[in-house]
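Each remark here refers to the structure printed beneath this line.
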Amino acid sequence: MTPGLAPAALAALVDAVGADHVLTDAEVTAGHVVDWTGRFRGATPAVVRPRTHDEVAAVVAVARAHQLAIVPQGGNTGLVGGSVPLAGEVVLSTARLAGVLAVDAASGHLTAGAGTPLARVQDAARAAGWAYGVDLAARDSATIGGNVATNAGGLRVVAHGPTRAQLVGVAAVLGTGATVDDLGRLEKDVTGYDLSGLLCGSEGTLGVITAVRLRLVPARPERVVVALGFGSMAGAVEAVGRLRRALPDLEAAEAYGAAEAELVAGHLGSVPVVDAPVTVVVEVAASTDPTDGVAEAVGALDGVLEVHVAADGPRRAALWRPRETITEAIATVGPHHKLDVSLPADELGDFAVEVERRVGEAVPGARTWIFGHLGDGNLHVNVTGVEPDDATVDDVVLGLVLERRGSISAEHGIGTAKRAWLGRQRGDDALATMRAIRAACDPDGILNPAVLL
Ligand SMILES: Cc1cc2nc3c(=O)[nH]c(=O)nc-3n(C[C@H](O)[C@H](O)[C@H](O)COP(=O)(O)OP(=O)(O)OC[C@H]3O[C@@H](n4cnc5c(N)ncnc54)[C@H](O)[C@@H]3O)c2cc1C
């Protein structure tokens, strides 16, 4: 018998998806119970792998009948402890709900199964002469369903907005067992509550998303990447604001510090591209060569210590590589606390200095690593040298964020990691409304019970 799962419940899951797709061997399920950071580790009696929307509905029905809690899991690249079974839940993996189902080149819409990796969505959009507006370093593993469930942001928000801005509609099974089918919705469609929008960012607490319909953006093939050195984060923030105004085709504006550059260089066995306290990587994409406009805009900036320009693919990739490798490099230091926050532009520079000071005072031996999507006011504060369960640094960082009028979660979500902080950010009325919505969509409390509220 599977520990924690009654024989009748196990048999019902096998009926729902087939014996080959109910995994109970601890060695086989091991990768599903620990998160990408190594900070959150749980246990599960079974991982179920439905292949269709109807099979997902069948699993949800079994969960309701047998009072099983479920954790929907896509690529398991989430960074807030929301995708792993921390309280012994059954894992519902979307791995077999994968595949691009349709691309409507005329309307610029793409439909894909929830388990499709983001990179496959991007490739399919490109093949149809369009582009997909969201990109993140976890693109090969993160799924499009997970992106919608977390309203993922990433590297292109400054140009195209987060996942929510790309979403036309989803298919999903709610915790009630009801189906949401918005895959046929049109670009303009004002017919009552936006249920797909509600599921976007709900972190698997209202329903299991089985497929998504996405809005594509025009392809902009001519690209220039520039890596700029600055003396401080405040100087970098000021420069990015000016670049956003001067360059309507700006597609990304990312930043990291000298310590982060050194860490990545050590990890990659190379030397930092830029030798300055803060590096900003900017990408501009247009239909005609944007180099002259970029040169003019960069030339008008104050406080630039170094400039590196790349127009061809390999050199562009080389300028991006340190930024894209930071998360991976930090993971090699050990389990870490990841605090993804956003601040008003006029607070970012001060915050970056102050947060490091306060963490150092509160937890001697802790090390702070800061990088992020500067164009969106979004910094990732990572702290190593702290026990996974010790929430002291979380309290220090998030407390400072609230003092400075920021958001405790810019793009990763609340998960279990920031649950205790949600009320302080959103207030009692918002929380009560969220609870009511959750109770309406999942009255039995079977979906991600440890997440969000
Ligand atoms: C190297 C790296 C870089 C990253 N960069 C970024 C970044 O720039 N921007 C950003 O926003 N995030 C980033 N992330 C975080 C992560 O990739 C995103 O949160 C991503 O959207 C998660 O997708 P996933 O398929 O891995 O979801 P999972 O990690 O499997 O799940 C995340 C949450 O969504 C729920 N969920 C997953 N699939 C479904 C579904 N089909 N239906 C309902 N609920 C579901 C889960 O229950 C969980 O609560 C990064 C992660 C890594 C490891």
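Considering each residue of the range 30-45, count those that are within 12 Å of the ligand (Cβ to nearest atom), farther than 18 Å from H412 by Cβ and among the hydroxyl-bearing types (S, T, Y), and give that number. The total comes to 0.
Residue count for the range 182-193 satisfying the condition of being in contact (Cβ under 8 Å) with a residue 12 or more places away in the chain and surrounded by 12 or more Cβ atoms within 10 Å (Cβ to Cβ): 3.
One residue alone among D123, D25 is of a type outside the set (A, V, I, L, M), under 18 Å from P7 (Cα atoms), without any contact (Cβ under 8 Å) to a residue 12 or more places away in the chain and surrounded by fewer than 21 Cβ atoms within 10 Å (Cβ to Cβ), and that residue is D25. Among the residues making up the range 316-339, a single one is within 14 Å of the ligand (Cβ to nearest atom) and either in contact with a Pro (Cβ under 6 Å, 6 or more places away or on another chain) or free of Cβ contacts under 8 Å to residues at least 12 places away in the same chain (or both): P335. Would you mind stating whether G169 is more than 11 Å from the ligand (Cβ to nearest atom), over 20 Å from I446 (Cα atoms) and in contact with a Lys or Arg (Cβ under 9 Å, 6 or more places away or on another chain)? Criteria met by G169.
Within the range 319-344, the set of residues being under 15 Å from the mean Cα position of the chain (by Cα) and small (G, A, S) comprises just one member, S342.
Filtering the range 138-159 to residues that are in contact (Cβ under 8 Å) with a residue 60 or more places away in the chain and either more than 8 Å from the ligand (Cβ to nearest atom) or among the hydrophobic types (A, V, I, L, M, F, W, C) (or both) leaves A138, A142, I144, V148, A149, A152, L155, R156, V157, V158, A159. Listed by first and then second residue, the pairs linking a residue in the range 65-79 that is farther than 17 Å from T29 by Cβ to a residue that is within 11 Å of the ligand (Cβ to nearest atom) and outside any helix (DSSP H, G or I), with Cβ atoms under 6 Å apart and 6 or more places separating them unless they lie on different chains, are T77/W36; T77/A138; T77/S141; T77/A142; L79/K338; L79/H412. Screening V134 with (1) out of contact with any Lys or Arg (no Cβ under 7 Å at 6 or more places or on another chain); (2) within 11 Å of the ligand (Cβ to nearest atom); (3) within 29 Å of I326 (Cα to Cα); (4) among the aliphatic types (A, V, I, L, M) gives one miss only, at (1).
No value in this document is a laboratory result; all are computed from the given coordinates. Only a predicted model underlies this, so the values are computations on that prediction, with no experimental measurement involved. Heads up, the Cβs are rebuilt from the backbone with ideal geometry, glycines too, and the neighbour counts pull from every protein chain shown.
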